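**Student:** Before anything else, here's the structure in question.
The values are calculated or read from the model by the stated rules, or taken from the named source; none is laboratory data. Please read these numbers as outputs of a predicted model, since none were measured by experiment. A quick note on method: Cβ atoms are made from the backbone with ideal geometry, for glycine too, and the neighbour counts reach across all protein chains shown.
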Amino acid sequence: MSTKAPVQEITTLPDLIAHLKAAAQVELSTVPLYLYATYTIKTRGYSQWAAGASAQRTLIGISIEEMLHLSLVRNLLIAVGDTDFRLYDENVIPTYPGPMLKREPELNLRLRKLSTDQVRNTFMQIEQPATPPGAALGAIEPYHSLGEFYARIERGIQTLRPVIDWAKAKKDLWKFQYHRAYWNQNGGSDHPLLIVDEASALQAMQVIVDQGEGAPEDRGLLPDPIVRTDDLPPQEIGKWQASHYMKFSDIAKGLDGIGVVVDDNGKQKYTIDDEEVIWPVLDDPDLRTVTADQPVKDLMEFSNAVYCYVLALLDAIYRTPMEALAPKDRDAFTDSVRYGYERGFVASMQGLLYPVCDLLVRTPLVAGQPSVHAGPPFQYYAFETKNPKGELAALCEKLLGSFPALGGDDGVQRQIALLPDIELP
Amino acid sequence: MTKRSTPAAHGPEADPPLPQEVPRELHVCMGLNSCAGLDAPGTAPMAGMGTCATVHHVCHGEGSCRGQGGCGYAGTDYEQFHPGEQDCRYNGSCASPINESRVFSAGPLKGKSVWKQARRLFEARMYAAGKAFGPSPGEGIKDDRMPHYDYMSQPQ
């Protein structure tokens, strides 16, 4: 006898908001996974002699697109009237290992080094295409694929047409959404959309689903930017991108490799499973249980603090409105707190989170035992004050003796000094 | 008296620039002018002491002349290594001017300051040319100084 619950559609605004908050958590839960694997690649750049894109560049592009999906979900949350959602929240930040939220069958998300197993059995499962036509559809909660989950949200947006105050979104709430400061050298050309009406809301959901797992029956090859059309390929666009699922599939097959020259037989010397090119980081680092030298544990805790600062800064962006400036008023520059937050946010990921994580994966957990290296746990860090920047500076200062690379005139310490001085709510 | 728009804001609704408003040298940030008076306001006492960029553009590949790439947000590893030193129009990587917290997102200097690399390249050019240069007034524009190309208006 089937135990599946009847299909549950979204019929109220609180239900839509609850689904969008869950969607934000799902999107957030993928980013550390992909970044963790990316950080473990020792090689930099890609040989001009090897074919295909490098796994590293592909993974970076996918990670940035997951951030795009997170911003689209949160923009929609703002547009439908929820301005209270926070990422820097112990109940929102995902823990690893842990089940992917509301997914059926359960998928355990783990922080692990890059490997064929991790790509095939975790990453490809996350982005698994929608249930094929004719297969049994499950209940609304849980879902079988992200496409199924977002399709439910799309229907909810249309059902709630008389309820959602799109006029308010267009008049006021757009100012709180994320729109600027997005670049992705290794991904599609879609950008964070301002969501101000039903059409832009549905377009945002399409971007999330199609970039991730691909549109229904498209075989993983998508127009760039995302548009759904029966006319494939859409001749007026002419650019293509692969879905995340297809990109991961190419990595698993070795088509997008590690990026070293081939040997005399024309074979790539290394794969993503070779220890020569992948740092031997531990699985699912947990600050509470890890056995490591104290400075290494302190560095892991610092990475948690940096990660949480990044999330808190993103929260600050979403509660600080953009200025509306008519083009004819434009002077060369205008002072803008919100703009400073946006610039600081990008810099905190590239100039703070990346260098700290990179330092971790290069460092053995225990000195003299190079077989297992440290990694960023991506855990909640409880700031003790309302001033996270000051706490980051203090943590960094404490680590300089053990990790001098954090200092210098172009290191993490300098970058912290340039961060926006946000105040936690 | 009619108020003129600023020389750096030559949008469709701006007045055409006066001859003295046209930059005599194109560079992407403070401290990168190659001679006295060639910075944006024309007041730099000598090379390397200018206060701002003479070109403003928003993103990758939008520089309309050589040397205009700001770098750091997008672009290939090679492109990103050369802020302010691209060989040709459209070769440049990313927006100008360079803000002070901007770091490279790719390439050999990933995670490191874009402005500092631009200044290193500038100083190398000055040494090669045998020209004296002075200290920069800063290491990029403040992050909260929003260039006009990023202004946003009410959605219609």
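**Student:** For the subset of the stretch A:165-201 comprising residues that are surrounded by fewer than 18 Cβ atoms within 10 Å (Cβ to Cβ) and not in a loop (DSSP other than H, G, I, E, B), which member is nearest to the other protein chains (Cβ to nearest Cβ)?
**Tutor:** The residue in question is A:K171.
**Student:** Out of everything in the stretch A:331-374 that is crowded, with 24+ Cβ neighbours inside 10 Å and in contact with a Gly (Cβ under 7 Å, 6 or more places away or on another chain), what residue ends up being farthest from A:L313 (Cα to Cα)?
**Tutor:** The qualifying residue farthest from A:L313 (Cα to Cα) is A:L360.
**Student:** Can you spot a residue in the stretch A:15-26 that is modelled with pLDDT of 90 or more, in contact with an Asp or Glu (Cβ under 8 Å, 6 or more places away or on another chain), part of a helix (DSSP H, G or I) and among the aliphatic types (A, V, I, L, M)?
**Tutor:** There is at least one residue in the stretch A:15-26 that is modelled with pLDDT of 90 or more, in contact with an Asp or Glu (Cβ under 8 Å, 6 or more places away or on another chain), part of a helix (DSSP H, G or I) and among the aliphatic types (A, V, I, L, M).
**Student:** Now for a separate question. May I ask you to list the residues in the stretch B:112-156 that are in contact (Cβ under 8 Å) with a residue 12 or more places away in the chain, facing chain A (nearest Cβ under 7 Å) and closer than 22 Å to A:Y178 by Cβ?
**Tutor:** Within the stretch B:112-156, B:D143, B:R145, B:P147, B:H148, B:D150 meet the criteria.
**Student:** Here's a follow-up. All but one of (1) on the phi < 0 side of the Ramachandran plot; (2) of a type in the set (G, A, S); (3) more than 14 Å from chain B (Cβ to nearest Cβ) hold for A:G368, so report the exception by its number.
**Tutor:** Only one criterion is unmet by A:G368, namely (1).
**Student:** To continue, here is another question. Looking at (1) part of a helix (DSSP H, G or I); (2) in contact (Cβ under 8 Å) with a residue 24 or more places away in the chain; (3) closer than 28 Å to A:N184 by Cα, find the lone condition where A:A393 falls short.
**Tutor:** (3)
**Student:** Got a sec? Which helices (runs of 4 or more DSSP H) wholly within the stretch A:290-365 have at least 1 residues that are away from chain B (no Cβ under 14 Å) and at negative phi? Give the steps one after another, and end with the answer.
**Tutor:** Values: elements: A:294-318, A:337-348, A:354-361.
So the answer is A:294-318.
**Student:** Of everything in the stretch A:71-84, what is closer than 24 Å to A:Q206 by Cα and either surrounded by 18 or more Cβ atoms within 10 Å (Cβ to Cβ) or free of Cβ contacts under 8 Å to residues at least 40 places away in the same chain (or both)? Give them in sequence order.
**Tutor:** Correct list: A:S71, A:L72, A:V73, A:R74, A:N75, A:L76, A:L77, A:I78, A:A79, A:V80, A:D82.
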